[in-house]
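Student: Have a look at this one.
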Amino acid sequence: MDVIQEKLKLLPENPGVYIMLDEYKNVIYVGKARVLKNRVRQYFHNTQKPEKVMKMVENIRDFNYIITASEIDALALENNLIKKYKPKYNILLKDDKTYPYIKADLREEFPNFYITRKIKKDGCRYFGPFMGGINCGDILDTLQLTFAVRLCHTKITGKKRECLNYHICRCAAPCAGKISREEYMERVKKALSFLDGNYKMGSELLEEKMLAAAANENFELALDYKNKLAMLSKLEAKRITSLNRSIDADIIAYATNNLYSAVNVLVTRKGIMQGGTSFALDEAHMNDGEALTGFLVQYYSHHEIPAEIICEEFCEKELLQNYFKEKFGKSVEITLAKQGDKAKLLKMAKQNAEDYLEKSVDKIKHKDEMTVDACKRLQELLGLKAYPRRMECYDISNVSGVDKVGSMVVFIDGEADRSSYRRFKIKTVEGANDFASLQEVLTRRLQKLGTEEEEKFPKPDLIIIDGGKGQLSAVKQIFENMNVDGIELCSLAKREEEVFTLYSEESIKIPHRDYSLKMLQRIRDEAHRFAITYFRNLHSKRNLSSELSEIEGIGKVKRMALLEKFGTLDKIMSASVEELSEVDGISKALAQNIKNYLDNNV
């Protein structure tokens with residue numbers, strides 16, 4: 001602590017980011033400050049602090065800081081460093097799933113509509129997000145059924161034969177020249193209006209078609225129209241009548257019990273409640289405003305930024321508005337709602353956040369037992385010199401020495417970090433030699449230590465090998481040859497689930513119900529799954545490439561085009577001649593040859 005006290009005296013009064021380190025030099029917390037000197041000193045004053053902050057401070061053994069030009073730059077840098085280091089005491093959103101949108105590609109001569117999860121500044125229009133029980137596919141299906149716009153990605157160059165969708169009145173077939181651009185764009189205009197929430201015209205058209213189908217005794221189609229009408233009624237019921245029809249806002253509320261926290265996000269688009277989602281947070285912020293700011297920055301790095309964010313009065317309004325403007329070029333109105341309809345929506349979000357927190361506390365505690373606490377227990381049971389924060393596990397997969405692959409999976413604080421997973425093709429080993437393959441993979445991985453690539457491949461605290469003493473000895477030999485130091489090593493044998501280390505000739509038998517063993521099993525099984533998946537993909541593509549090379553007229557370029565389009569032999573075999581001919585370089589005659597060969601020879 002003497003070192004810390006001396007460094008505290010030297011802190012500047014600039015804005016910036018501070019980085020807290022534990023006794024093993026692991027980054028355990030990253031924070032931003034308007035004035036570094038004031039903020040960092042607060043952690044070491046003898047004043048009352050939130051319980052989570054107290055726990056974090058107990059583990060601080062050193063800190064670093066980075067001066068920035070402004071608090072906005074500090075906020076951006078803080079977010080980047082959290083993503084990089086994944087600190088134990090920061091908010092780290094595990095639910096990074098994105099919601100589906102309907103994209104209207106208006107760059108096309110005949111615009112098409114399709115589902116996407118990525119929003120880009122590309123001149124297209126996006127509608128959504130669709131969440132909370134609204135099926136994006138159903139909306140798209142209704143759009144096609146009502147306005148006969150195209151959903152395919154077919155390049156419209158010259159006239160093609162119309163597909164089945166034209167014959168069942170689901171597409172106007174612009175690719176076959178069945179409709180002029182002017183007429184088609186009228187349909188697109190109506191479809192865009194429909195996606196904007198103007199359902200009346202769509203409902204009227206669907207009802208007309210339903211009655212016509214019933215009159216023609218096409219009852220199956222009539223039922224389809226009826227189901228789509230019912231869905232539109234549900235969508236209309238989600239409209240918040242008291243709000244402006246065009247309002248696009250996210251309503252965000254924060255709840256805490258001073259140890260754990262939760263956030264609820266409600267989404268409205270065009271005055272319609274799209275749905276909502278909740279997040280459990282486990283962080284060590286000094287106040288609720290910082291916690292909410294940290295959440296918003298992370299959340300909107302993965303999700304659409306709305307025109308308005310409605311949230312509570314402790315939100316750092318000006319900082320966030322300036323941040324979104326400077327970093328994303330987006331003008332966002334942050335409304336601190338205290339009365340009126342927006343305040344009612346905020347109250348609804350607050351109730352959802354409090355309810356979610358109450359029901360999630362036990363889950364959060366259980367997660368801690370299975371992750372961070374399991375890591376501490378493993379350190380104790382295996383006699384490890386340091387807390388195993390970053391664990392890497394390796395596995396080899398092949399059949400009779402063919403298509404040999406290796407996998408590396410990474411767990412941080414007992415949780416999978418899928419963005420850090422890596423795959424290896426075995427390059428130097430002949431035949432089915434798992435020991436030699438394992439040595440090659442570990443050599444290639446450990447060679448990155450001490451190089452520029454260590455930024456992407458940080459040094460692990462513990463390497464876990466799937467296997468027994470033999471596999472452990474093979475990796476130990478690599479450690480000795482490369483003079484590897486500061487990395488612990490163990491192996492987990494499948495049959496008895498015994499753990500072998502370098503410290504003892506005897507295996508360590510951890511009770512089967514112990515969370516530390518369950519964590520080892522999770523990482524071992526994940527390494528096996530990841531290796532098997534890679535092997536199967538590689539093996540399938542090799543077989544597919546071999547089959548395609550037998551077809552006259554199919555060279556390397558066309559093989560690669562087919563592989564990129566379909567991926568597997570089964571998908572190519574089930575594709576129609578028309579679908580095959582959509583691949584670059586594949587004519588209809590060649591597509592027919594492919595079809596004939598696969599039908600007769602595979």
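The values are calculated or read from the model by the stated rules, or taken from the named source; none is laboratory data. Just so we're clear, the structure is a prediction, and the values are computed from it rather than from any experiment. A quick note on method: Cβ atoms are made from the backbone with ideal geometry, for glycine too, and the neighbour counts reach across all protein chains shown. Please note that ligands, DNA and RNA were not included when accessible areas were found on the heavy atoms of the full protein model with its side chains. Shrake-Rupley method; radii C 1.70, N 1.55, O 1.52, S 1.80 Å.
Student: Can you list which of the DSSP-assigned H helices in the chain have a Cα extent of 30 Å or more along the long axis and an average Kyte-Doolittle score of at least 1.6? Write down the numbers at each step before the final one.
Tutor: Values: long enough: 340-370 (44 Å, -1.26); 515-548 (49 Å, -0.74).
Passing helices, by number: none.
Student: Trypsin sites (Lys or Arg not before Pro), restricted to region 1-104: which are DSSP loop and have at most 13 other Cβ atoms within 10 Å? Intermediate results must be reported in sequence, preceding the final value.
Tutor: Working: sites: 7, 9, 25, 32, 34, 37, 39, 41, 52, 55, 61, 83, 84, 88, 94, 97, 103; in loops: 25, 34, 61, 88, 94, 97.
In loop regions of region 1-104 (DSSP not H, G, I, E or B), the sparsely surrounded trypsin sites (Lys or Arg not before Pro) are 25, 94, 97.
Student: Counting only C-alpha contacts under 8 Å and six or more residues apart, can you give the relative contact order of the chain as a whole percent?
Tutor: Numbers: 960 pairs, mean separation 49.8, N = 602.
After rounding, I find 8 percent.
Student: In the structure shown, do any of 52/367; 103/228; 270/330; 120/317; 120/189 have a Cα-Cα gap over 24 Å, and if so which?
Tutor: Exceeds cut-off: 120/317.
Student: State the extension gain, in nm to one decimal, for the chain segment bounded by residue 326 and residue 361, taking 0.36 nm per residue of separation less the distance between their alpha-carbons. Could you put the intermediate results ahead of the total?
Tutor: Values: separation 35, 0.36 × 35 = 12.60 nm, distance 3.66 nm.
This chain segment gains 8.9 nm when fully extended.
Student: Now for a separate question. List, largest first, the extents of the alpha carbons of region 438-526 along their principal axes, each in whole Å.
Tutor: Principal axes ranked by extent give 41, 24, 20 Å for the Cα atoms.
Student: While we're looking at this one, here's another question. Distance between Cα centroids, region 249-327 to region 412-433: provide it in whole Å.
Tutor: Distance between centres, Cα-based: 37 Å.
Student: Within region 434-527, list the chymotrypsin sites (Phe, Trp or Tyr not before Pro) lying in a DSSP loop whose Cβ has at most 16 other Cβ atoms in a 10 Å radius. Mind showing how you got there, number by number?
Tutor: Numbers: sites: 435, 479, 500, 503, 515; in loops: 503.
Answer by residue number: 503.
Student: Give the carbon-plus-sulfur fraction of the accessible surface of region 189-312 in %, rounded to a whole number; probe 1.4 Å, heavy atoms of protein chains only. Walk me through the intermediate numbers first.
Tutor: Numbers: 2520 of 5000 Å².
Roughly 50 percent of what the probe reaches on region 189-312 is carbon or sulfur.
Student: Related question: Taking 0.36 nm per residue of sequence separation and subtracting the Cα-Cα distance, how much length would be gained by fully extending the chain between residue 5 and residue 313, in nm to one decimal?
Tutor: Numbers: separation 308, 0.36 × 308 = 110.88 nm, distance 3.50 nm.
Full extension of this stretch gives 107.4 nm more.
Student: A further question follows. Taking H placed 1.01 Å from N in the peptide plane, check which residues at least 5 places from residue 62 or on another chain put their amide H under 5 Å from its amide H.
Tutor: For residue 62, whose amide H was placed from the backbone, the distant partners under 5 Å are 21.
Student: Same structure again: Report ³J(HN,Hα) in whole Hz for each residue of region 121-128, in order, from the Karplus equation J = 6.51 cos²θ - 1.76 cosθ + 1.60 where θ = phi - 60°; Gly and Pro get x.
Tutor: For region 121-128, the Karplus curve yields 8, 10, x, 8, 10, 10, 10, x Hz.
Student: Oh, and also: I'd like the distance between the alpha-carbon centres of region 98-153 and region 45-76, rounded to an integer number of Å.
Tutor: Cα centres, region 98-153 to region 45-76: 44 Å.
Student: Further, regarding this structure: Accessible area per residue of the chain at 1.4 Å probe, in Å²?
Tutor: Details: 30170 Å² over 602 residues.
For the chain, the solvent-accessible area averages 50 Å² per residue.
Student: Per residue and in Å³, how big is the convex hull formed by the alpha-carbon atoms of the chain? Spell out each step's value before the answer.
Tutor: On the way: hull volume 126.2 nm³, N = 602.
Each residue corresponds to 210 Å³ of Cα convex hull volume.
Student: Apply the Karplus parameterisation 6.51 cos²θ - 1.76 cosθ + 1.60, with θ equal to phi minus 60°, to every residue of region 164-170 and state each ³J(HN,Hα) to the nearest whole Hz, in sequence, with x for glycine and proline.
Tutor: After applying 6.51 cos²θ - 1.76 cosθ + 1.60, I find 4, 4, 5, 6, 9, 6, 9 Hz.
Student: Compute the FRET efficiency between residue 560 and residue 114 as 1/(1 + (r/R0)^6), taking r as their Cβ-Cβ distance and R0 = 25 Å, and round to the nearest 0.05. Before the final figure, lay out each step's value.
Tutor: Working: r = 24 Å, r/R0 = 0.97.
Once the sixth-power term is evaluated, E becomes 0.55.
Student: So if each residue of separation counts as 0.36 nm, and I subtract the Cα-Cα distance between residue 469 and residue 508, what length gain in nm does that give? The partial results should precede the final answer.
Tutor: Working: separation 39, 0.36 × 39 = 14.04 nm, distance 1.20 nm.
Gain on extension, residue 469 to residue 508, equals 12.8 nm.
Student: Report the charge-dipole magnitude of region 369-521 in Debye, nearest 20, computed about the Cα centre from +1 at each Lys and Arg Cβ and -1 at each Asp and Glu Cβ.
Tutor: 280
Student: Peptides 278-288, 384-394: what's the order by average Cβ count within 10 Å, highest mean first?
Tutor: Values: 278-288: 19.5, 384-394: 21.5.
Listed from highest to lowest mean packing, they are 384-394, 278-288.
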